[in-house]
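What follows is a short report on a single structure.
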Amino acid sequence: MDKNTTLMSLDTIRALATDTLMAHGCDRENAEAVAEIITKAEGDGCHSHGLMRLPGYVATLKSGKVNGKARPTVKQLAPAIVQVNGHNGFAPLALQTGRAELIKSAKTCGIAAMPLIGIHHFAALWTEVEPVAEAGLVAFACTSYKPAVIPAGGSQALYGTNPICFGWPRMGKPPMVFDQASSVMARGEVMLAAREGHKLPEGVGVDADGNPSTDPDAVLKGALLAFGGYKGSSIAMMVELLAGGLIGESFSFEAAARDNNDGGPPQGGEFMLAMDPNLFGDQSGWADHAEALFDQIKAQDGTRLPGERRHRVRGESEASGVAVSNIILDKIRAL
Ligand code: NDP
């Protein structure tokens, strides 16, 4: 066991997150919803979206930017459009509140969308897509943030790191879920590298003067590059349009303009889509057909399906706990 970490069970992590959030103004429902997402991230080895985020959540409660007692409301805008208004609360309770209605609408109409407005989003998207895929639906989600990524050819951060997440249900197996930032590297990973004193690979970002840099602190003051050049840049733009323009929420640059920079997530939106594969014309075949593709992928040495690492780590965490950085625990205790 590394002396810089403390071994914690998932229940201890959940309790620490819940208690900390309740001590700083969350009611139990909001605290438990956020704590569940933090615990899932730690349990699946996605530490950049685990306890490390708790000080940011607390900062937003302390500054009054987020309402820790918000009660999200659901409005059916059309038969297949389930709008959730987070009323300025954290995203997890809003997602939880709308999920059953999204699943019901998708199973009735074949396809349904859930625009989320008035939320503060800070988390890994797979935590929200996986439950929808576990309900037997093909799912997609994306969200914007604050400017951190340069549009291809430009010099100023304009897009958020704008993750996209896609989930595919499987019979008798966990769904296939991939979840990736549209920047070369998620900002959380850059923050983690800065905290741990690691250099970044070449091509991740630029410093405040626009010069390429491998220093995570310099890149945090500068900007990130989109993955795949102009192709990733267009995906980041698509996320701005889906999670902002389409649903009446802000673009990343607008979210930043009204943000108080307390270290926590700005207020913004999220877009989620769910499709019932039983209603797209291949009711009896779609599941096996997809398995044939997955088999072909895995037949090649060196491949794996996205999400398989997380599920392996999840099993280990449930059995043996998670090694949590003492630096993070000290920060949380200091709150
Ligand atoms: P990664 O680059 O670590 O991983 C991206 C995806 O690729 C994962 O699904 C991963 O699966 C999969 N993958 C990785 N290696 C392989 C491989 N060799 N073969 C097949 N699949 C592979 O993620 P990012 O750093 O881009 O993003 C990290 C997180 O940050 C995401 O969860 C994202 O939602 C979150 N984020 C949140 C933001 C917000 O504002 N809320 C903003 C930006 C990012 P596996 O997990 O199994 O390794």
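The values are calculated or read from the model by the stated rules, or taken from the named source; none is laboratory data. All of these numbers come straight from a predicted model, not from anything done at the bench. Cβ placement follows ideal geometry from the backbone for every residue including glycine, while neighbour counts extend to all protein chains displayed. Heavy atoms of the whole protein, side chains included, go into the accessibility calculation; ligands, DNA and RNA do not. Shrake-Rupley method; radii C 1.70, N 1.55, O 1.52, S 1.80 Å.
Worth pointing out:
- The calculated FRET efficiency for the pair N88 and N211, based on their C-beta separation and a Förster distance of 45 Å, comes to about 0.75.
- Kirkwood hydrodynamic radius computed over the chain comes to 20.5 Å, based on all pairs of distinct alpha carbons.
- P(r) histogram, all alpha-carbon pairs of segment 220-303 included - 5 Å bins from 0, percent: 3, 11, 11, 13, 14, 14, 12, 10, 8, 4, 0
- Sorting Y230, Y57 on solvent-accessible area from highest to lowest, probe radius 1.4 Å, gives Y230, Y57.
- For the listed residue pairs K65/K146; K3/K331; K75/K104; K40/K146; K146/K221, the alpha carbons are over 19 angstrom apart in K40/K146.
- Given a 1.4 Å probe and the protein chains as shown, Y145 ends up with an accessible area of around 50 Å².
- Rg ratio (alpha-carbon, reference 2.2 N^0.38 Å) - segment 164-231: 1.39
- Neighbourhood charge, 15 Å Cβ-Cβ cut-off, centred on P216 and excluding it, Lys, Arg +1 and Asp, Glu -1: -2
- Separation in nanometres of the label points that stand 7 Å from Cα toward Cβ, at S320 and R71: 4.6 nm
- Contact order for segment 175-225, expressed relative to its length and based on alpha carbon pairs under 8 Å spaced 6+ residues apart, stands at 33 percent.
- The simple Förster model, with R0 at 41 Å and r as the Cβ-Cβ distance, assigns W286 and T5 a FRET efficiency of 0.45.
- Sequence-distant contacts, meaning Cα pairs under 8 Å at least 6 residues apart, place the relative contact order of segment 236-335 at 14 percent.
- Relative contact order for the chain, counting Cα pairs under 8 Å that sit 6 or more residues apart, in percent: 22 percent
- Net charge contributed by nearby residues that have their C-beta within less than 15 Å of G244 (K/R +1, D/E -1): -3
- Accessible surface of segment 128-170 [probe 1.4 Å, protein heavy atoms]: carbon and sulfur percent: 57 percent
- The Cα center of segment 151-224 and the Cα center of segment 262-320 differ in position by 20 Å.
- For segment 1-40, the alpha carbon convex hull comes to 66 Å³ per residue, rounded to a whole number.
- Rounded FRET efficiency, nearest 0.05, which uses the C-beta distance separating K298 from K107 and R0 of 51 Å: 0.95
- Size descriptors for segment 109-200: radius of gyration and Dmax over Cα atoms are 15.7, 50 Å.
- Rounded accessible area per residue of the chain, 1.4 Å, Å²: 45 Å²
- Solvent-accessible surface (1.4 angstrom probe) belonging to D207, in square angstrom, nearest 10: 40 Å²
- Point-to-point label distance, R312-S63, nm (Cα→Cβ direction, 7 Å offset): 3.9 nm
- Cα-Cα pairs of segment 175-325 separated by more than 27 Å (percent): 46 percent
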